[in-house]
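Enquirer: One structure, pasted below without further comment.
Throughout, read-outs are computed from the coordinates displayed, never taken from laboratory work. Computed from a predicted model, the values in this text were never measured in an experiment. Cβ atoms come from the backbone with ideal geometry, glycine included; neighbour counts cover every protein chain shown.
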Amino acid sequence: MTLLSHIGQPAMISPARWMAKEVTVTGAVAFTHDDVRRAMALVADGRVRVLPLHTGTVGLGELPATLQHLAAGAVDDIKVLVDPWRSVGAS
């Protein structure tokens, strides 16, 4: 298991449970704060256009089918956002 995140608060763990399950945990950082600042600057000044990257939004009810379509390569979506408050089939 790899933890890849910025955790905002202390987390309680159970080492005994992890040992019983023989869990190996590795922490990783995918980007630095400087990376984020540079990316935001590229978006802000227009050098990176992000609108074409968002190819769709689905609700939770549509998520299983969407994941199946993505895994099968049946769609050309680049980034599909999940809106948990969106009703099925809403536009």
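Enquirer: Here are labelled values, [x] 47, 36, 26; [y] 34, 24, 20; [z] 46, 36, 16, and one is the computed Cα extents along the principal axes in Å for what I pasted. Which one?
Expert: [x]
Enquirer: Based on the Cβ-Cβ distance of ASP77 and HIS33, what FRET efficiency does E = 1/(1 + (r/R0)^6) give at R0 = 25 Å, to the nearest 0.05?
Expert: Between ASP77 and HIS33 the formula returns 0.25.
Enquirer: What number, rounded to the nearest 500 deg cm²/dmol, is the helix-based mean residue ellipticity at 222 nm of the chain, given -39500 (n - 2.57) per DSSP H run of at least four residues and division by all its residues?
Expert: Calculated mean residue ellipticity at 222 nm is -9000 deg cm²/dmol.
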